[in-house]
Amino acid sequence: MQNKENIFARYHRQMILNGFGKEGQEKLKLGRVLVVGAGGLGCPALLYLVAAGVGSIGIVDHDMVSLSNLHRQVLYSENDIGHPKVSIAAKKLQMMNEMVSIIPYETKLTVSNCLEFFSNYDIILDGSDNFPTRYLINDACVLTGKPLVYGAVSQYDGQVAVFNVNGGVNYRDLFPTPPKDGEVLNCAESGVLGVLPGIIGSMQANETIKLITGIGESLVNRLYTFNALTMQSYDIQISANPLSALLIPPDVESFNQKDYEWECGIATTDLEIDQKQFDKLLSENITVIDVRNLDETPFITSFDHHKIPLPVLQESFDEISGETIVFICQSGKRSLHAAQMFREWSGSEKNIFSLKGGILNYEPLI
């Protein structure tokens with residue numbers, strides 16, 4: 001029941017803060033935030049935005065809860081495995097605070113739905129974990145004039161920034177173009193300390209609350225970097241990059257024609273095979289090459305394979321033989337790169353494949 005006594009009792013500890021007060025709580029109640037991604041960053045951000053009393057919170061995610069999520073995605077439990085993240089998150093968050101309106105969108109964010117979603121919110125919080133979505137969100141924020149609260153994690157390092165506020169810098173001012181395929185590994189390939197997304201996601205929630213209420217000094221035009229091993233942090237000023245304006249679509253029509261997966265070098269090709277196709281090939285005489293580092297887990301015992309890490313793969317091409325060759329890795333990214341290199345080297349366009357989604361999505365190993 002949303003009466004004055006309940007509101008004061010719930011939010012009393014922040015309402016008595018100097019500079020916050022009743023006015024700050026009222027601003028939060030009117031706030032509208034869209035969180036893209038209900039994963040490692042999105043979970044802690046959502047928890048604190050809901051607890052703080054942000055009035056309307058949208059959640060966009062198309063993924064299912066998996067066992068490998070649980071060490072860092074603190075909204076989920078073992079009983080949630082196999083269920084949509086967004087519906088589980090919305091249900092649990094609503095139980096935390098009935099005063100907050102939570103709107104789940106169980107779908108992938110794309111150019112076709114992005115602008116419509118963004119139109120209903122004041123601030124966009126990026127909890128995504130891939131470059132196509134990151135650049136998509138940034139460009140849509142610039143096009144719609146929405147502030148963007150950015151966060152990213154890898155291994156022991158995290159970053160936070162606030163982009164596109166009052167004509168300020170955007171993500172492309174910092175990183176104009178996506179890295180080449182294989183240059184930057186995602187968390188599935190490089191790993192991440194479970195507590196780190198909690199720290200960075202909480203910082204994103206903090207920056208969002210500051211933007212809504214107007215308190216404090218925001219990370220606008222600044223990039224904050226944190227290392228969990230050393231507990232050292234620093235922030236740098238970000239300047240406008242002339243290249244940025246040339247790369248962002250100038251209007252809605254141009255935006256709708258943009259292919260962010262292609263821009264980031266991600267596309268399904270005839271090199272990729274799914275698990276069903278891979279299982280069928282395993283019954284035949286094939287050569288499987290694991291291009292992960294030697295110490296990467298899970299270790300594979302369910303089928304024969306050779307381990308040749310990607311950094312030394314090219315010098316080992318002469319040693320690879322067989323009628324059908326399948327490259328595998330953690331998520332399918334490095335193995336696709338390996339298959340492309342080997343096809344180019346061999347001059348053959350047949351019987352060279354990469355396992356799509358990698359072994360983390362290979363059911364016998366889960």
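The values are calculated or read from the model by the stated rules, or taken from the named source; none is laboratory data. In this text, all values refer to a predicted model and were calculated from it rather than measured experimentally. Because the Cβ atoms are built from the backbone with ideal geometry, glycine has one as well, and the counts that use them run over all protein chains shown.
Tabulated data
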read-out: Some residue of region 28-38 being within 26 Å of residue 214 (Cβ to Cβ), surrounded by fewer than 16 Cβ atoms within 10 Å (Cβ to Cβ) and free of Cβ contacts under 8 Å to residues at least 12 places away in the same chain; value: no
read-out: Residue count for region 49-74, restricted to those that are within 14 Å of residue 101 (Cα to Cα) and not small (Gly, Ala, Ser); value: 5
read-out: Restricting region 60-70 to residues that are among the polar types (S, T, N, Q) and surrounded by 16 or more Cβ atoms within 10 Å (Cβ to Cβ), the residue that is farthest from the chain's Cα centre (by Cα); value: 66
read-out: Elements of type helices (runs of 4 or more DSSP H) in region 251-334, at least 2 residues being out of contact with any strand residue (DSSP E or B) (no Cβ under 9 Å at 6 or more places or on another chain) and surrounded by 15 or more Cβ atoms within 10 Å (Cβ to Cβ); value: 260-263
read-out: Contacts under 7 angstrom Cβ, first residue in region 156-174 being on the phi > 0 side of the Ramachandran plot, partner at pLDDT 95 or above, 6 or more apart; value: 164/141; 164/142; 164/146; 164/147; 164/148; 164/170
read-out: Hey, residue 216 at pLDDT 95 or above and crowded, with 19+ Cβ neighbours inside 10 Å or not; value: no
read-out: Counted residues, region 71-80 - those being surrounded by fewer than 16 Cβ atoms within 10 Å (Cβ to Cβ) and either within 19 Å of residue 113 (Cα to Cα) or of a type outside the set (S, T, N, Q) (or both); value: 2
read-out: Some residue of region 83-90 being within 24 Å of residue 136 (Cα to Cα), among the aliphatic types (A, V, I, L, M) and in contact with a Cys (Cβ under 8 Å, 6 or more places away or on another chain); value: yes
read-out: Boolean, residue 75 is assigned to a loop (DSSP other than H, G, I, E, B) and of a type outside the set (S, T, N, Q); value: yes
read-out: Subset of region 20-41 [in a helix (DSSP H, G or I), within 17 Å of residue 101 (Cβ to Cβ) and touching a helix residue (DSSP H, G or I) at 6+ places or on another chain (Cβ under 7 Å)]; value: 25, 27, 28
read-out: Residue among 172, 134 that alone is in a helix (DSSP H, G or I), more than 30 Å from residue 17 (Cβ to Cβ) and touching a Leu at 6+ places or on another chain (Cβ under 6 Å); value: 172
read-out: Count of residues meeting criterion [within 16 Å of the chain's Cα centre (by Cα) and of a type outside the set (Ser, Thr, Tyr)] in region 141-161; value: 11
read-out: Check on residue 147, closer than 27 Å to residue 251 by Cβ and at pLDDT below 95; value: no
read-out: Of residues in region 226-246 being closer than 15 Å to residue 175 by Cα and of a type in the set (S, T, N, Q), the one surrounded by the most Cβ atoms within 10 Å (Cβ to Cβ); value: 244
read-out: Residue 12 vs. criteria surrounded by fewer than 20 Cβ atoms within 10 Å (Cβ to Cβ), more than 19 Å from residue 203 (Cα to Cα) and not assigned by TED's automatic domain parsing to the domain that holds residue 87; value: yes
read-out: Unmet requirement for residue 48, which otherwise passes all of (1) outside the structural domain of residue 130 (by TED's automatic domain parsing); (2) of a type in the set (Phe, Trp, Tyr); (3) under 19 Å from residue 197 (Cα atoms); value: (1)
read-out: Some residue of region 345-354 being free of Cβ contacts under 8 Å to residues at least 60 places away in the same chain, outside any strand (DSSP E or B) and closer than 30 Å to residue 137 by Cβ; value: no
read-out: From 283, 302, 239, residue being over 29 Å from the mean Cα position of the chain (by Cα) and in contact (Cβ under 8 Å) with a residue 60 or more places away in the chain; value: 302
